[in-house]
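Participant: Take a look at the following structure, please.
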Amino acid sequence: MKAFLGIGLLGNGFVRAMISKGEQVQVWNRTVSKAKELEQYGAKAFDNIEDAVRDADMVHLALKDDATVDNALAKAEAGLKRGAIIADHTTTSVEGAKKRTEEWKSKGFYYQHAPVFMGPANALESTGHMLVSGNQDLIKKIESQLAAMTGKLVNFGEEVGKAAAMKLTGNLFLVGLNGALADTITFSHSLGISINELSQLFNQWNPGNSVPARLKRMTGDDFSDPSWRLEMARKDTGLFLKEAEQKGVSLHVIPGIATLMDEWIKKGHSKEDWTIIGKVE
């Protein structure tokens with residue numbers, strides 16, 4: 001028996017994929033209706049998080065941040081089966097991942113941070129990348145289950161928190177790339193370069209396989225079907241800045257991107273796809 005806490009864009013796909021493979025899954029979400037929607041596929045939804053985790057050997061989470069993970073686990077603790085494994089796919093801080101690993105070990109449970117590079121479609125199709133690090137005996141025990149959720153499980157060794165660091169580093173690149181394209185679109189627009197001409201350039205000189213598709217999305221008119229919501233990208237950007245401050249290093253592009261994201265959020269676009277920050281008005 002498995003439990004899944006957090007039925008957002010990723011959680012929905014993960015649960016449906018698990019059920020399609022014959023898994024029994026108990027689900028919970030703060031907005032109960034999102035959990036109830038999965039009952040049509042065979043999930044069992046619970047209003048109470050404590051009941052949702054009861055009898056589950058493995059509890060998966062895909063939530064917003066450190067605070068929501070800590071809050072959810074605290075409320076679920078009384079229902080957790082002794083020795084249960086907690087697999088957290090949330091993008092969190094490095095220190096948060098380390099703290100939870102030790103905290104839940106001391107309580108007789110296993111906490112494994114396993115963040116992902118996956119979109120909603122990947123979660124449903126079980127394709128993409130999942131990152132792990134830490135207790136290698138635990139990882140060996142559950143690697144087949146985690147690998148079944150994604151196309152590739154990447155193990156970064158024994159250092160607790162390394163997977164969280166790698167996830168933040170990867171997301172920093174993604175956020176930086178998105179911001180750089182916004183600058184490129186604005187810059188080219190100011191020089192009288194059309195979108196068709198810009199597309200022609202990148203089709204001939206492609207600095208990355210994702211550039212043509214991302215450019216098309218950023219210059220489109222419809223951002224209503226997000227693969228990564230703007231509000232979630234902004235949350236991760238806050239994590240980058242906090243980690244940098246703690247290490248005493250300066251970031252130059254990211255603060256500007258954070259300001260740009262805040263402007264679009266204030267305009268009411270927090271639930272839309274994050275590429276909206278490149279829209280020329």
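Participant: Go through the stretch 112-153 residue by residue and tally those that are surrounded by 15 or more Cβ atoms within 10 Å (Cβ to Cβ) and among the charged types (D, E, K, R).
Facilitator: Looking only at that region, the number is 1.
Participant: Quick one: would you say Glu243 is at pLDDT 95 or above and either closer than 25 Å to Met166 by Cα or part of a helix (DSSP H, G or I) (or both)?
Facilitator: So Glu243 does not fit the description; no.
Participant: Sort through Leu61, Leu80 and tell me the only one that's aliphatic (A, V, I, L, M) and under 21 Å from the mean Cα position of the chain (by Cα).
Facilitator: Leu61
Participant: For the stretch 24-56, give me each residue that is assigned to a strand (DSSP E or B) and among the β-branched types (Val, Ile, Thr). Give the derivation first.
Facilitator: Taking the stretch 24-56 as the starting set, the residues that turn out to be assigned to a strand (DSSP E or B) are 25-28, 44-45.
The answer is Val25, Val27.
Participant: Has the stretch 50-72 got at least one residue that is more than 25 Å from Leu239 (Cα to Cα), open to solvent by 10 Å² or more (accessible area, probe 1.4 Å) and not charged (D, E, K, R)?
Facilitator: No, the stretch 50-72 has no match at all.
Participant: Turning to a different aspect of this structure: Which ones in the stretch 163-179 are under 16 Å from the mean Cα position of the chain (by Cα) and either open to solvent by 20 Å² or more (accessible area, probe 1.4 Å) or of a type in the set (Gly, Ala, Ser) (or both)?
Facilitator: Ala163, Ala164, Ala165, Met166, Thr169, Gly170, Leu172, Phe173, Leu174
Participant: Residues to consider are Phe223, Phe240; find the one that is closer than 14 Å to Thr275 by Cβ, surrounded by 14 or more Cβ atoms within 10 Å (Cβ to Cβ) and under 19 Å from the mean Cα position of the chain (by Cα).
Facilitator: Unique residue meeting the criteria: Phe223.
The values are calculated or read from the model by the stated rules, or taken from the named source; none is laboratory data. Please read all numbers here as calculations on a predicted model, not as lab measurements. With ideal geometry, Cβ positions are generated from the backbone for all residues, glycine too; neighbour counts draw on all protein chains shown. What goes into the accessible areas is simple: the full protein's heavy atoms, side chains included, and nothing from ligands, DNA or RNA. Shrake-Rupley method; radii C 1.70, N 1.55, O 1.52, S 1.80 Å.
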